Every structure is written in structure tokens, then in C-alpha cells.
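Notes for the one structure printed next.
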Amino acid sequence: MADTAAVCPECDGRLRQRGTEIVCEDCGLVSGEDSIDRGPEWRSFEDDDTDRRRTGAPLTRSRHDRGLSTEIGYGSGSDSGYSSRLTGRKRRQIARLRREHNRARISSKVERNQVYGFAEIRRITASLSLPESAREQACALFESAQSEGLFQGRSLEGFAAAAIYATCRTRSIARTTDEIADTARADGDELSVAYDALNRELGLPTGPIDPAEYLPRYASKLEVGTAVEQRARDHVETLLEAGLIGGRNPSGVAAACLYKAAGEREDWPTLTQATAAEVADVAPVTIRSTVVDLRELGSAELVSASSD
């Protein structure tokens, strides 16, 4: 503890440093706090001024060894900052050590499957612009499926894609199976089989998909603006209250609500059924059937209001 030269602004008492706080000895007022760790952010045992190597990346579930693996580097001489240069026999010995070390990093078929599956998950999540937390959860789900022995007779690619889709379902991220299958190395059937196994054996906390989750992305693709999107949300709520969402493709319902909303005012952008269906990857008849239901609900409300 170190004394300070300042005085308390309340009672003119003496201030004293206690841990991370500056406290008045007389009235107990906490006049300041400094909890910043001002120590170095690196760990180095030599060449502190020129070679400030950090302690490495944080742990991650997207690596089979949680990111704790070591590597034998390729640099030598002045390019890598080392004072000695490897030549001749020593260089060949290091090359053999590096090769054997890389082989020893994957010691079993289980780890080999994890390396392949985690790499596929990282590739898909990067392509779909999913958050890092979703990638970590998908890798953990893939590992849980492997621990339960669900891979037998099924493809690793399908389980990697299914883990991502299940993660999107549990985190309310609007992604369809077709979108994931288009990016993955598995087709839609492999994804569906793997997802059914995950949902059945692991008991995933997944519920019905809310069509409103697709509205922001589809509205951005169709360039209809926030006013149309908000009106489409009202249509989604109307369908939910009427119980007409069950059994329908939520992606198609969202596109149909945007189509219906865009045609309600002349100053809003005009959409065609084909354009809305293309964005949602559904048939135009799906758009038409949902719009018909919305019109019938609107007519019923008008009749009810006039009778009152």
C-alpha cells in the first residue's frame, strides 16, 4: 500500500491506496479506482527488446486439440530473428523431426475425423458469415455426436453441415437447409439424415422456426426498405395468431409476407411473386397460397368490424 499526496474532497482527510481503490481513511470515500493490469502482454525468456513473442492464441473448440498444439517452424537465419543458421545435417534432422511431429499430432482415427469435420465446419461458417460463437458451438455439437457413436454409416460432411444447421436453429439464426447444403460438401439428404440423428439422440432444444427471422435478410436482398419489412412483420403476426404457420415453409411465408406488404402502397417498391419466390428458394405457388390466406383473414376482419 502506498500513500498519496491528495486529500479527500469530502472531509479533507488522508487518502490511501488499498488494492485497486483510493480510499479516505476518515470517511471511507472511494475517490478513485484503477484495476488496469499494467504488466506486459507477452512472455519471453530472452531477447525481450527484439523478440516479444506472445503466449499463443486462446483455447478454441474448433480445433481437435483445443489449439494447444505446437509446431516446428520453417524459418532460420536472420529472417526469423534467430542468431544461428541451420545448415546441412542439422537442417535435414529438423525436417525429419518436423515431419514426424506433424504425423504424431493426429494419433487416432477419432482425432482424424475431428480434424476433417472441424475444418469443414470452419469453411462453411466462414462462407455463410456466421459468428465465431456459432462455429464453436457447432464444433462442440459435432464432437458430442462423435462421442455418442452417431457417425457409423453416415457421412462426416453431412454431420458437419447438420451441426451448423442445428446451431442456427438453437441460436435463432435464419439459415435454411438448402443454403447450408449449397455451401457444404454434403447434399440435402445427407444433411437431413444427420440432423434427424442429432435431434433424436441428443435432444436438441429446437422449436418451430419463426418466419420473422428471415425478414431482415430477405428485405435487404429485395431492397424494399424497413417500412415494408415492418408491415410484413404484422402479416407474420396475423398468420401466427390464426394458426396458419404450422406445416408451412417459414422461408416461403416470410417472402410471401414481404410480397403482400410491398403491394399495399403505391410508393413502396413493387415485387413479383417470382422474385419473392427466388429469394426464398420456393415455388411461386407457395407465395400465392400464403397471400390468399392473408387476404381471407383481412376480409374476415372487415366483415367482423362491419357487423360490430
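Structural remarks
- Count of the range 253-270 residues, restricted to those that are assigned to a helix (DSSP H, G or I) and not hydrophobic (A, V, I, L, M, F, W, C), is 2.
- Within the range 90-127, the set of residues being outside any helix (DSSP H, G or I) and in contact with a Ser or Thr (Cβ under 6 Å, 6 or more places away or on another chain) comprises Arg105 only.
- Verdict on Ser108 being hydroxyl-bearing (Ser, Thr, Tyr), touching a helix residue (DSSP H, G or I) at 6+ places or on another chain (Cβ under 8 Å) and either surrounded by 12 or more Cβ atoms within 10 Å (Cβ to Cβ) or modelled with pLDDT under 90 (or both): no
- Applying a threshold of 8 Å to beta carbon distances and a minimum spacing of six or more residues, or different chains, the list of pairs starting in the range 2-14 at a residue that is under 11 Å from Leu29 (Cα atoms) and ending at one that is at pLDDT 75 or above and among the hydroxyl-bearing types (Ser, Thr, Tyr) reads Cys8/Ser31; Pro9/Ser31.
- Output for the range 236-272, where each listed residue is at pLDDT 90 or above and over 17 Å from Leu215 (Cβ atoms): Thr272
- Qualifying position, being under 19 Å from Thr176 (Cα atoms) and crowded, with 20+ Cβ neighbours inside 10 Å, among Ala280, Ala261: Ala280
- Looking only at the range 183-222, and only at residues there that are exposed (fewer than 14 other Cβ atoms within 10 Å of the Cβ) and assigned to a loop (DSSP other than H, G, I, E, B), the one that is modelled with the highest pLDDT: Gly203
- Flag for Thr60 being on the phi < 0 side of the Ramachandran plot, modelled with pLDDT of 55 or more and within 33 Å of the chain's Cα centre (by Cα): yes
- Of the residues screened, Leu150 is one that is closer than 11 Å to Leu198 by Cβ and either among the charged types (D, E, K, R) or without any contact (Cβ under 8 Å) to a residue 60 or more places away in the chain (or both).
- Scanning the range 237-269 for residues that are free of Cβ contacts under 8 Å to residues at least 12 places away in the same chain and either touching a Leu at 6+ places or on another chain (Cβ under 8 Å) or not assigned by TED's automatic domain parsing to the domain that holds Val224 (or both) turns up just one, Gly263.
The values are calculated or read from the model by the stated rules, or taken from the named source; none is laboratory data. Bear in mind that the values here come from a model prediction, so they are computed numbers and not experimental data. Backbone-built Cβ (ideal geometry, glycine too); neighbour counts: all protein chains shown.
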